[in-house]
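Read the figures in this text as sums done on the coordinates, not as results from a lab. It should be emphasised that the depicted structure is a prediction, and the values quoted were computed from it without experimental measurement. Every residue, glycine among them, receives a Cβ derived from its backbone with ideal geometry; neighbour counts consider all protein chains shown.
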Amino acid sequence: MTDQEFIQQFRLPEPVHVTRPAMPDLKDYVEYLTGIWDRKWLTNAGPLHEALEREISSFLGVPHLSLFCNGTIALLVALEVLDIDDGEVITTPFTFPATTHALHWNRIRPVFCDIDPETLNLDPCRIEPLIGPETRAILPVHVYGRPCAVEAIQKIAEKHGLRVIYDAAHAFGVKYNGKPLVSYGDLSVLSFHATKLFSTIEGGALISGSDLQRKRVNFLKNFGIADEETVVGPGINGKMNEFQAAFGLMQLKMVDYEIQNRGAIAALYRDGLKDISGITMLQEAHDTEPNNGYFPILIDAERYGVTRDELFAVLRQCNILARKYFYPLISHASCYASLASAAPSNLMVAERVSRQVLCLPIYGDLEPAVVRHICRVIAECRQSVSRHDDGAPIYRQARV
Ligand code: T4K
């Protein structure tokens, strides 16, 4: 089969995105809008904001939660509330830029630490050698909602007097050892962006360790204002508005269903990809209740016969818009590349994984037939390649 024939056979009529938000009923949103119009209360801790905060707290099982306009500002405030505004913080390079940028905006030097090849999260065995006199905290990420080695990280933090802030942007609803994953560490930050399993269009939350801390977080997200005449700290505008909160209230009603549907899609992928040599799926941990927010695979080009980038290009031509989360590593960005810890030789696992990873489409109303089709493209792409007489993969020139 030629490239063209392959694409013709497998190209889907419409693009299949890596994710899609679950859209609530428009009529229900209009009802919420009518209420907002009548009240003329648009933001600044309005009634929908307060209701959503209560409902998410109870859904997640965490008492001290503050809503935010997005996850990035929540990360900035997390650092500020712990007075981490200088020195160094140990973090992962295998993440979305927001994690590292939050450190930069608080004038903190990121120290990149390599990841564990199984979990793809910070490797706890690599943290201690990076701790120095200027280390203030550890900022791990529960990548794809998969739990970090929370116990090992906590032990290290306690031994060295460090704080732990989890970037839990992907971890909405995940439970670890029967506890909400966001209850580990000093603080955790969630993202409710449109691309997340649970969304408020843009949005996020910060989970504090106590009511007192939450009070301070709430001041900081409102310019540090405690009352009309008192500013208690260098705050910022991190508030979620009523329109976002309304969307969130509706999404929250759908989120269990969304998690369940994504679980079914993940199971279909697991079945459809299990016999393809060179394709690795991440193991499901028995101590974790996952949210199936992402479906990453790792492509071993030697065994699969096609590189990650070649498969990515073929999928694009077939209208399957998988994403390379997270490539390139944030340690490669020009603003961080000169740091000693950003040297690729220090981050061997993260470097390899970032060249192998591909996140496949996953969202609640993704058709099972489409998932099977994607699995078939991945299987056939490899088989077609191996059928060439000269052994050269036919997709080397595949273009996006
Ligand atoms: N920490 C971590 C570990 C994170 O992953 C993120 C965000 C943050 C912190 C920061 O949290 P926030 O400040 O964002 O709350 C997306 C998101 O913009 C970003 O929030 C997310 N991580 C990251 C993993 O993914 P892009 O650049 O890939 O988004 P985009 O616009 O290419 O969208 C991806 C696909 O989603 C599209 O192909 C189609 C679909 N989509 C997207 C939007 C915006 C929709 O169907 N509807 C939409 O409205 O970053």
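For this structure, a couple of remarks:
- When the stretch 253-391 is described by a simple charge dipole with +1 on each Lys and Arg Cβ and -1 on each Asp and Glu Cβ, the residue from Tyr257, Val357, Phe295 located farthest towards its positive end is Val357.
- Extension reserve of the Phe223-Thr34 stretch, reckoned as 0.36 nm per residue once the Cα distance is removed: 65.1 nm
- Other-chain or far-sequence residues with amide H under 5 Å of Thr135's (modelled H): Glu88
- Across the options Phe112, Ala74, Val182, the greatest Cα extent toward the positive end of the charge dipole of the chain (unit charges at beta carbon of Lys, Arg, Asp, Glu) belongs to Phe112.
- When each of Asp287, Asp114 is scored by the number of other beta-carbon atoms lying within 10 Å, the sequence from fewest to most is Asp287, Asp114.
- Added length on full extension, which subtracts the Cα-Cα distance from 0.36 nm per residue, Asp365 to Gln4: 127.0 nm
- In a simple Cβ point-charge model (Lys, Arg +1; Asp, Glu -1; nothing else charged), the chain has a dipole of about 460 debye relative to its Cα centre.
- Here the sum of -39500 (n - 2.57) over DSSP H runs of 4 or more residues, divided by the residues of the chain, equals -12000 deg cm²/dmol at 222 nm, to the nearest 500.
- Size-normalised alpha-carbon gyration radius of the chain, reference 2.2 N^0.38 Å: 1.03
- Three principal axis lengths of the stretch 26-252 [C-alpha, angstrom, descending]: 59, 42, 27
- Under-5 Å amide H pairs with Val164, H placed in peptide plane, nonlocal only: Ile138, Asp186, Leu187
- Taking a Cβ cut-off of under 12 Å around Leu187, the surrounding Lys, Arg, Asp and Glu residues balance to a net charge of 0, with basic ones at +1 and acidic ones at -1.
- Restricting the chymotrypsin sites (Phe, Trp or Tyr not before Pro) of the stretch 56-131 to loop positions (DSSP other than H, G, I, E, B) with no more than 13 neighbouring Cβ atoms within 10 Å leaves nothing.
- With N the number of residues in the stretch 181-220, Rg(Cα) / (2.2 N^0.38 Å) evaluates to 1.28.
- Pair His332, Asp287: separation of 7 Å Cα→Cβ label points (nm): 3.3
- With at most 13 neighbouring Cβ atoms within 10 Å, loop trypsin sites (Lys or Arg not before Pro) (DSSP) excluded, longest segment of the chain: 108-273
- Glu258 sits among other residues whose Cβ lies under 14 Å from its own Cβ, and their net charge, with Lys and Arg +1 and Asp and Glu -1, is +2.
- Positive-end extreme of charge dipole, the chain - chosen from Thr307, Ala342, His64 (charges on Cβ): Thr307
- Taken along the Cα-to-beta-carbon direction at a fixed 7 Å, the label points for Thr43 and Met254 span 2.5 nm.
- Rounded FRET efficiency, nearest 0.05, which uses the C-beta distance separating Phe59 from Asp275 and R0 of 45 Å: 0.75
- Ranking of Ser334, Ser341, Ser208, Ser58 by neighbouring Cβ atoms within 10 Å, starting from the fewest: Ser334, Ser58, Ser341, Ser208.
- Evaluating 6.51 cos²θ - 1.76 cosθ + 1.60 at θ = phi - 60° for every residue in the stretch 211-227, the Karplus couplings come out as 5, 4, 5, 4, 4, 5, 4, 5, 5, 5, 7, 10, 6, x, 7, 9, 8 Hz, glycine and proline recorded as x.
- Spatial offset of the stretch 29-100 relative to the stretch 275-353 amounts to 29 Å, using the alpha carbon center of each.
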